[in-house]
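Novice: Starting off with a structure, shown below.
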Amino acid sequence: TLLQGEPVSLRDVVVKSIEMFRGVAESRGIELHIGALEAGKVHGNRHLLRQVVNNLIDNAVKYTPSGGKIEVDLTRDDKSSMRLAVKDTGIGISPEDLPHVYERFFRADRSRTRMKETQGPGLGLSICHAVVTAHHGTITCDSVAGEGTTASVALPIWADSESASIQSGRTQATLSAS
């Protein structure tokens with residue numbers, strides 16, 4: 001299946017995405033900063049997880065004006081999940097639009113769609129939501145219009161194969177000959 005995966009270093013995925021967007025951010029006068037960057041692996045499809053991180057950073061760059069800041073943090077919430085947060089000082093999302101940001105083709109604040117650099121079909125966060133949900137995670141978006149947005153993703157930490165089997169509801173019996 002699409003999500004037959006492997007242990008993925010989320011830290012490596014985040015670092016590669018930041019490297020990819022650093023030049024674009026600098027050319028627009030935006031400070032792209034790495035905050036906390038803790039190690040941890042999740043089980044999944046590396047390419048799909050990279051798409052999620054890319055989409056979140058891309059949105060932050062698109063909607064943050066020159067002189068703004070973007071901070072990317074990767075932390076362990078507890079012993080069972082990794083949390084990625086992309087926080088920007090961009091234009092934000094209005095409270096009435098916020099509940100709809102994961103809907104396919106939804107574009108918040110129609111005036112934003114007139115900006116050349118933000119034109120697109122409005123699928124980015126919908127794709128992020130689908131990928132994160134398929135990886136048994138959660139995605140949230142907190143925003144204040146005119147102040148900025150924080151998009152957060154929480155994904156279960158990959159454990160060794162025995163623990164992973166128990167966590168996913170599968171149990172295995174081991175018989176020993178004594």
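The values are calculated or read from the model by the stated rules, or taken from the named source; none is laboratory data. All of these numbers come straight from a predicted model, not from anything done at the bench. Cβ: placed from backbone, ideal geometry, glycine included. Neighbour counts: every protein chain shown. Accessible surface areas use protein heavy atoms only, side chains included; no ligands, DNA or RNA. Shrake-Rupley method; radii C 1.70, N 1.55, O 1.52, S 1.80 Å.
Novice: Output yes when any residue across the range 39-49 is out of contact with any Gly (no Cβ under 9 Å at 6 or more places or on another chain), open to solvent by 70 Å² or more (accessible area, probe 1.4 Å) and not hydrophobic (A, V, I, L, M, F, W, C), and no when none is.
Specialist: For the range 39-49, residues out of contact with any Gly (no Cβ under 9 Å at 6 or more places or on another chain), open to solvent by 70 Å² or more (accessible area, probe 1.4 Å) and not hydrophobic (A, V, I, L, M, F, W, C): present.
Novice: I'm trying to understand the selection: among the residues of the range 8-28, which are hydroxyl-bearing (Ser, Thr, Tyr) and either surrounded by 14 or more Cβ atoms within 10 Å (Cβ to Cβ) or closer than 18 Å to residue 151 by Cβ (or both)?
Specialist: 9, 17
Novice: Do the conditions hold for residue 31, that is, is it open to solvent by 70 Å² or more (accessible area, probe 1.4 Å), more than 16 Å from the chain's Cα centre (by Cα) and not hydroxyl-bearing (Ser, Thr, Tyr)?
Specialist: For residue 31, the condition - open to solvent by 70 Å² or more (accessible area, probe 1.4 Å), more than 16 Å from the chain's Cα centre (by Cα) and not hydroxyl-bearing (Ser, Thr, Tyr) - is met.
Novice: What is the one condition in (1) modelled with pLDDT of 95 or more; (2) in a strand (DSSP E or B); (3) of a type outside the set (Lys, Arg) that residue 43 does not satisfy?
Specialist: All conditions pass for residue 43, except number (1).
Novice: Here is a further query. Please list, ordered by first then second residue, the pairs with beta carbon atoms under 6 Å, 6 or more apart or interchain, first in the range 21-32 and of a type outside the set (A, V, I, L, M, F, W, C), second surrounded by 11 or more Cβ atoms within 10 Å (Cβ to Cβ).
Specialist: Pairs found: 22/32; 31/69.
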